[in-house]
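**Student:** Okay, here's the structure, questions in a sec.
The values are calculated or read from the model by the stated rules, or taken from the named source; none is laboratory data. In this text the structure is predicted, and so the values were computed from the model without any measurement. Backbone-built Cβ (ideal geometry, glycine too); neighbour counts: all protein chains shown. Remember, those area values only see protein heavy atoms, side chains included, never the ligands or the DNA or RNA. Shrake-Rupley method; radii C 1.70, N 1.55, O 1.52, S 1.80 Å.
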Amino acid sequence: MTFSNYINAQQIENEKAQISSNKHLKWYLKENQNHWIGIHTYVQLSGRVNQNNPGSLVNEELEKTTTDISIRRFRIGIKSQVSDHLFVYTQFGTNNLNYLSSRGPSIKLLDAYAEYSFSEKFSIGAGKSIWNGLSRFSAPSTSTLMVLDVPFIALPTVNTTDDLLRNLSIFTKGKFHKIDYRLLISKPFAIRSNAIPTDPKEGIAEFTKRSSNMQYAGYAKYEFLESESNRYAPHAGTYLGTKKIFSFGLGYKFQSKALCSLDQGEEKFHDMSLLAADVFLDLPINKKKGTAFTSYLGFFEYDFGPKYIRSIGANNPTNGLDSEIASFNGKGNSYPVLGTGTSILYQLGYLFPKMGKNNSKGQLQPYGRIQYSDFERLSNPMISFDLGINWFLNGHLSKFSLHTQNRPIFFDQKNNLKIEDHKWMLVLQYQLRLQ
């Protein structure tokens with residue numbers, strides 16, 4: 001295959017990968033359409049009711065339940081095939097713009113990288129990007145997700161050594177027949193001590209400000225059926241029955257001396273060594289009716305050092321904590337989702353037939369997800385689950401999602417972290433995408 005033919009093939013495959021694509025935001029720079037520039041944008045608007053964790057405060061007032069409205073994500077990006085070999089990508093955006101957010105400019109540079117393609121088998125790029133290793137959803141396409149939000153177990157360094165999953169890195173990618181691979185070397189962002197604990201603790205590992213070692217990651221998947229486009233880094237959550245996908249992937253992430261703990265008062269450094277394996281299935285059942293089945297199974301073996309654990313509460317609706325009555329989870333909607341130990345993640349969904357004449361009433365897709373984690377520091381397994389339903393008015397370009405999540409609440413009982421309660425969160429989200 002010649003290089004120009006390869007570029008054309010990649011463009012065709014990429015067009016197929018875009019669900020309900022909007023072609024009006026792409027302009028060709030040459031008559032042969034090999035060179036182009038395009039714009040994409042999307043926004044996710046959320047309304048939510050959250051049962052807050054014990055001790056959660058809003059402006060120093062105890063609040064058991066919070067109802068709020070927020071912008072979960074906003075993105076606007078520019079992408080261009082500058083020449084036969086050079087591709088450039090830039091994206092701006094923000095996350096978690098809610099009633100507690102700081103006022104003033106909130107849009108930031110998320111991605112800025114250039115990529116040079118030698119062939120289908122090998123491309124190399126550099127800059128700030130979401131190109132990542134470890135697992136499928138370690139680089140998630142947040143505008144094509146099936147479940148409302150990303151699985152945080154697949155994002156082990158989110159906002160610790162990365163910036164909204166982005167890294168300053170050099171990456172390579174390519175396809176060898178049925179194998180799709182990506183490898184990268186990153187310089188981790190400096191740890192922000194005001195956001196992440198960094199002081200060494202006795203027998204408990206935490207990320208350290210004193211480490212500046214390089215980070216290495218990779219992911220390879222075997223595609224049994226149709227091939228997915230690797231033009232962009234993010235992996236789709238569901239293709240809504242437009243592709244037959246069945247893949248098996250393996251990945252890793254490693255950084256030496258990334259964490260630190262105290263051993264009888266002496267500092268001891270620990271490598272971050274993470275492994276993952278996953279299987280993704282996305283199959284049309286009846287193309288005429290538009291039905292499809294989506295399933296994902298991920299296995300994660302994480303070693304951050306002794307008893308490392310981290311609670312995450314995305315788009316947190318509270319801003320304080322009364323330590324006298326607080327749980328181990330922390331404030332708002334946080335819960336222990338990452339740590340040293342073994343985790344299993346499973347999600348599945350079913351896309352019902354198209355409704356109305358000419359699909360005028362869209363499609364419904366109920367889904368579920370469960371995470372089981374045996375973390376070293378917890379006395380009980382951490383089990384959380386999500387249930388919801390998507391209403392696709394125009395594929396991923398216009399959709400509503402009604403989502404509920406149940407999370408366990410852990411309390412420290414004489415140095416034993418045990419479950420004493422569960423809390424719920426209900427979210428209604430609308431997504432509008434132009435691409």
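**Student:** Of (1) open to solvent by 30 Å² or more (accessible area, probe 1.4 Å); (2) under 24 Å from residue 122 (Cβ atoms); (3) touching a residue at least 60 places away in the same chain (Cβ under 8 Å); (4) out of contact with any Phe, Trp or Tyr (no Cβ under 8 Å at 6 or more places or on another chain), residue 265 satisfies all except one. Which?
**Tutor:** (2)
Here's the yes/no breakdown for (1) aliphatic (A, V, I, L, M); (2) farther than 30 Å from residue 215 by Cα; (3) at pLDDT 95 or above; (4) within 18 Å of the chain's Cα centre (by Cα):
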{"position": "280", "(1), (2), (3), (4)": "no, no, yes, yes"}
{"position": "284", "(1), (2), (3), (4)": "no, yes, yes, no"}
{"position": "289", "(1), (2), (3), (4)": "no, yes, no, no"}
{"position": "299", "(1), (2), (3), (4)": "no, no, yes, yes"}
{"position": "302", "(1), (2), (3), (4)": "no, no, yes, yes"}
{"position": "318", "(1), (2), (3), (4)": "no, yes, yes, no"}
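**Student:** How about region 149-163: which of its residues are touching a strand residue (DSSP E or B) at 6+ places or on another chain (Cβ under 6 Å), modelled with pLDDT of 95 or more and of a type in the set (Val, Ile, Thr)?
**Tutor:** We begin by selecting, within region 149-163, every residue touching a strand residue (DSSP E or B) at 6+ places or on another chain (Cβ under 6 Å); these are 150-153, 156, 160.
Narrowing further to those that are modelled with pLDDT of 95 or more: 150-153, 156.
Answer for region 149-163, where residues must be touching a strand residue (DSSP E or B) at 6+ places or on another chain (Cβ under 6 Å), modelled with pLDDT of 95 or more and of a type in the set (Val, Ile, Thr): 150, 153.
**Student:** So, one more: So, of the residues in region 137-174 that are part of a strand (DSSP E or B) and of a type outside the set (A, V, I, L, M, F, W, C), which turns out to be farthest from residue 375 (Cα to Cα)?
**Tutor:** The initial filter retains those residues of region 137-174 that are part of a strand (DSSP E or B), namely 140, 163, 166-174.
Then keep just the ones that are of a type outside the set (A, V, I, L, M, F, W, C); that gives 140, 163, 166-167, 169, 172-174.
Details: 140: 24, 163: 25, 166: 26, 167: 26, 169: 30, 172: 33, 173: 33, 174: 35 Å.
The residue in question is 174.
**Student:** Kindly establish whether residue 134 is at pLDDT 95 or above, touching an Asp or Glu at 6+ places or on another chain (Cβ under 8 Å) and part of a loop (DSSP other than H, G, I, E, B).
**Tutor:** Numbers: at pLDDT 95 or above: yes; touching an Asp or Glu at 6+ places or on another chain (Cβ under 8 Å): no; part of a loop (DSSP other than H, G, I, E, B): yes.
No; evaluated as a whole, the condition is false for this residue.
**Student:** So, in region 173-192, exactly how many residues are farther than 9 Å from residue 131 by Cα, buried (at least 17 other Cβ atoms within 10 Å of the Cβ) and touching a Lys or Arg at 6+ places or on another chain (Cβ under 7 Å)?
**Tutor:** Qualifying residue count, region 173-192: 6.
**Student:** State which residue pairs qualify: first residue surrounded by 15 or more Cβ atoms within 10 Å (Cβ to Cβ) and inside region 27-41, second residue in a loop (DSSP other than H, G, I, E, B) and modelled with pLDDT under 85 in any location, beta carbons under 7 Å apart, and separation of 6 or more residues or different chains.
**Tutor:** Final answer for the pair search is 40/435.
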